[in-house]
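Engineer: Dumping the structure here so I can ask a few things about it.
The values are calculated or read from the model by the stated rules, or taken from the named source; none is laboratory data. Computed from a predicted structure; not experimentally measured. Heads up, the Cβs are rebuilt from the backbone with ideal geometry, glycines too, and the neighbour counts pull from every protein chain shown. The accessibility values were calculated without ligands, DNA or RNA, using every heavy atom of the protein model including side chains. Shrake-Rupley method; radii C 1.70, N 1.55, O 1.52, S 1.80 Å.
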Number of protein chains: 2
Amino acid sequence: MNAQTILRLPTDPHISRARTTHTHRDGHGVPRNRLRFAPHEHLFFQGDPPTGVFQVVSGTVILYKLMADGRRQIQDFSSVGDFLALTFADVHNFSAEALTDVEVDFIVQASFDRALQENAAFRQGIFTLMGDMLNASREQALLLGRKCAMERTATFLLFLDSRFVDPVTGFVDIRMSRCDMADYVGLTLETVSRMMNQLKRQGIIELPQSNRIRISDRKRLIAAAGEPDEAEYASVVGY
Amino acid sequence: MNAQTILRLPTDPHISRARTTHTHRDGHGVPRNRLRFAPHEHLFFQGDPPTGVFQVVSGTVILYKLMADGRRQIQDFSSVGDFLALTFADVHNFSAEALTDVEVDFIVQASFDRALQENAAFRQGIFTLMGDMLNASREQALLLGRKCAMERTATFLLFLDSRFVDPVTGFVDIRMSRCDMADYVGLTLETVSRMMNQLKRQGIIELPQSNRIRISDRKRLIAAAGEPDEAEYASVVGY
DNA sequence: AGAACAGGTTGATTTGCCTCAATTCTATCT
DNA sequence: AGATAGAATTGAGGCAAATCAACCTGTTCT
């Protein structure tokens, strides 16, 4: 990771500039506070004690861990519907930062715990979500542990496409820097840039601007990702 | 990964040689079948449809994913008390193989689901376990994405120590090959061997036999793992 | 318009880990 | 004890990705 990231220790005080827009109850009667965060604001930091749970309403949040010397590993991108901070530990062990403008609902821990006890459907949803997060994390471990630079990059582009593609144009607006991408796939930003431009030169993706891509040859991109074939890939990503 | 692993496709038939020793009910009245597996037998394969849940009674099980060309990423080691195959998907997306002699209790899916619905304490335990698995997987992602060979190896030895140390002798019997270790930390077996022997030469660990270690200088091992200090490390591993 | 800046791309060089190969160690079998 | 086999260690060389550095592009500010 990278010079521009300010090293932040768990004990630093921090002032959340989140703005509460309104308070309401969801379909299960659980009270929620709608909050807004601007890009680069933190929902919470590694080391903070958890006070409740967030559900993303719009925008995307990155979850990451930092090493003492500033190396960063991004662990997940949370977007609409995802829950954050589902922890039973006494401190958060990763940080959550708004990548874009973000709206989230905050549910205080006691309300969340009550809903989990009393509402079977809610509970089932949380279980499924935790299972999905675990799968995603283990898929990332395979990528980080055993894939080469091109495979990592291609896999990541398929991931972006599956989650953020505009269904009418087929384009993905990449709302993150090369550095963010690199910190997810465990490479440097230069290597990510090289791999993307190589895919462009090979006619596998279109890259009209640096943060806008479209997959023009999905089969070859899947092959470049190290997946045996499309059917197999679909089962991995789950679409 | 490595020549000696036989590539196994999800569709291959397989005969489980597991032996049922007896059937009983646990404290919650959930029916369980006690099964035994010998080293290298599989509890299930990636691609199999899940039929229930396993809880490890003794021994250790490795969870891993395989790529089409045989590259392997080990994702977790399950030992006493751990649950396996907690999935809501229609197929397993990793394989589970006995590393040692293993005893597990098998709980059919319907019984498990019922216990989850009806028993709050059981449910809480499962939630906590899923949270722990997610934390472990994300910690592994940091290791794989951002740590160098020595840091990975040192981190792994600390992990082994925290889970498998003999409290009286202080030794850890490593019940896996260098290849298994390498496939967990995303290196080759040769690199793992080099790093371990380097730690031995530096007097940080004792290595009287290739599969038996003791940490003789924990502070330096923690430093080699890239953790800022012991307190921080303890909070990461959770002891 | 020009300056300043941030992000992205591209090139040259270095390096850490992998690969391939040889040797040693340990356990098992006869 | 000697033979054999599997695993671990050690060494030499190669290569993929990191590092370091220059340049380009687009945007904001004056």
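Engineer: Can you say whether residue B:132 is open to solvent by 40 Å² or more (accessible area, probe 1.4 Å) and under 14 Å from the mean Cα position of the chain (by Cα), as far as the supplied structure shows? Break it down into steps so the answer makes sense when it comes.
Structural biologist: Values: open to solvent by 40 Å² or more (accessible area, probe 1.4 Å): yes; under 14 Å from the mean Cα position of the chain (by Cα): yes.
Here the answer is yes, as residue B:132 does meet what is asked.
Engineer: Turning to a different aspect of this structure: Return only the number of the condition from (1) within 14 Å of chain B (Cβ to nearest Cβ); (2) free of Cβ contacts under 8 Å to residues at least 40 places away in the same chain; (3) near DNA strand C (Cβ under 8 Å from one of its atoms); (4) not hydroxyl-bearing (Ser, Thr, Tyr) that residue A:179 does not satisfy.
Structural biologist: (2)
Engineer: Something else now. Please identify the pairs in which a residue from the range A:144-173 that is open to solvent by 20 Å² or more (accessible area, probe 1.4 Å) has its Cβ atom under 6 Å from the Cβ atom of a residue that is among the β-branched types (Val, Ile, Thr) and part of a strand (DSSP E or B), counting only partners at least 6 apart or on another chain.
Structural biologist: Sorted first by the residue in the range A:144-173, then by its partner, the pairs are A:164/A:172; A:165/A:172.
Engineer: Let me ask something else. Give the range B:195-209 a look and list any residue that's loosely packed, with under 15 Cβ neighbours inside 10 Å and within 12 Å of DNA strand C (Cβ to nearest atom), or say none.
Structural biologist: Scanning the range B:195-209 gives B:197, B:208, B:209.
Engineer: OK, next. Could you grab me the full set of residues in the range B:109-129 that are farther than 19 Å from residue A:129 by Cβ and open to solvent by less than 20 Å² (accessible area, probe 1.4 Å)?
Structural biologist: Once the filter is applied, which keeps residues that are farther than 19 Å from residue A:129 by Cβ and open to solvent by less than 20 Å² (accessible area, probe 1.4 Å), the range B:109-129 yields B:111, B:115, B:122.
Engineer: Under 7 Å by Cβ, and 6 or more places apart or on different chains, what pairs join a residue from the range A:189-209 that is farther than 17 Å from residue A:158 by Cα with one that is within 8 Å of DNA strand C (Cβ to nearest atom) and of a type outside the set (A, V, I, L, M)?
Structural biologist: So the pair list comes out as A:189/A:178; A:189/A:179.
Engineer: For the range B:1-96, which fully contained strands (runs of 3 or more DSSP E) count at least 1 residues that are modelled with pLDDT under 95? Working first, answer last.
Structural biologist: On the way: elements: B:19-25, B:31-37, B:42-44, B:52-58, B:61-66, B:72-78.
Output list reads B:19-25, B:31-37.
Engineer: When the range A:81-98 is examined, which residues are found to be more than 12 Å from every other protein chain (Cβ to nearest Cβ) and open to solvent by 30 Å² or more (accessible area, probe 1.4 Å)?
Structural biologist: Correct list: A:81, A:82.
Engineer: Still on this structure: Quick check on residue B:101: is it open to solvent by 30 Å² or more (accessible area, probe 1.4 Å), closer than 30 Å to residue B:187 by Cβ and modelled with pLDDT of 95 or more?
Structural biologist: Details: open to solvent by 30 Å² or more (accessible area, probe 1.4 Å): yes; closer than 30 Å to residue B:187 by Cβ: yes; modelled with pLDDT of 95 or more: yes.
Yes, satisfied.
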